[in-house]
Amino acid sequence: QVQLVESGGGLVQPGGSLRLSCAASGTIFSGNAMGWYRQVPGMEREVVAGFSSGGNSYYGNSVKGRFTISRDNAKNMMYLQMNSLKPEDTAVYYCNVIKGFDIYWGQGTQVTVSS
């Protein structure tokens, strides 16, 4: 069983930065795929960034060059550094981890980009 808790969301002005954290309880291995997703009410959840099971990182087209994903396996933590934020980045951000056939999600953290 894995529990995920996101933190670091909030209100930020356009052009600003935020760093999201995802804390995992339970055993997470470097070979477990992990990622960040976001969702706006009425829209489907979309991928923001993630790590494949092989350790390669990937990004959604809308955040490439602005967001950076990282993880600290020793601390069971994953991060999302978000720079040059835009109003369209406003969403609830979720982290997830895939262990075998199971997918675990956190409860989400709200990010609002507004002046």
For the range 29-45, in residue order, the Karplus 3J(HN,Hα) values (coefficients 6.51, -1.76, 1.60; θ = phi - 60°; whole Hz; Gly and Pro = x) are 10, 4, x, 7, 5, 9, x, 10, 10, 9, 8, 9, x, x, 10, 6, 5
Across the alpha-carbon set of the range 9-115, Rg over Rh with Rh taken as the Kirkwood radius works out to 0.96
For the range 108-115, in residue order, the Karplus 3J(HN,Hα) values (coefficients 6.51, -1.76, 1.60; θ = phi - 60°; whole Hz; Gly and Pro = x) are x, 9, 7, 10, 10, 10, 7, 8
The range 50-70 and the range 1-31 have their Cα centres apart by a whole-number Å value of 14
Cross-link reach from K64 to aspartates and glutamates, straight Cα distance under 13 Å and at least 8 residues apart if same chain, gives D89
The summed charge of the A91 Cβ neighbourhood (under 15 Å; Lys/Arg +1, Asp/Glu -1) stands at -1
Amide H neighbours of G16 at under 5 Å, excluding residues fewer than 5 places away on the same chain, with H built from the backbone geometry, are L85
Measure of exposure for T112: accessible area at 1.4 Å probe, Å² rounded to 10, is 40
Note, M78: beta-carbon cut-off 13 Å, +1 each Lys/Arg, -1 each Asp/Glu, net +1
The answer for the net charge of residues other than L18 whose Cβ lies under 14 angstrom from its Cβ, with Lys and Arg +1 and Asp and Glu -1, is +2
Here the range 91-105 yields Karplus 3J(HN,Hα) values (6.51, -1.76, 1.60; θ = phi - 60°; whole Hz; Gly and Pro given as x) of 4, 8, 9, 10, 10, 9, 9, 10, 10, x, 9, 9, 10, 10, 10
Excluding residues fewer than 8 positions from K99 in its own chain, the lysines with Cα under 24 Å of it are K75
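The values are calculated or read from the model by the stated rules, or taken from the named source; none is laboratory data. Because the structure is a prediction, the values reported are computed rather than measured. Heads up, the Cβs are rebuilt from the backbone with ideal geometry, glycines too, and the neighbour counts pull from every protein chain shown. What goes into the accessible areas is simple: the full protein's heavy atoms, side chains included, and nothing from ligands, DNA or RNA. Shrake-Rupley method; radii C 1.70, N 1.55, O 1.52, S 1.80 Å.
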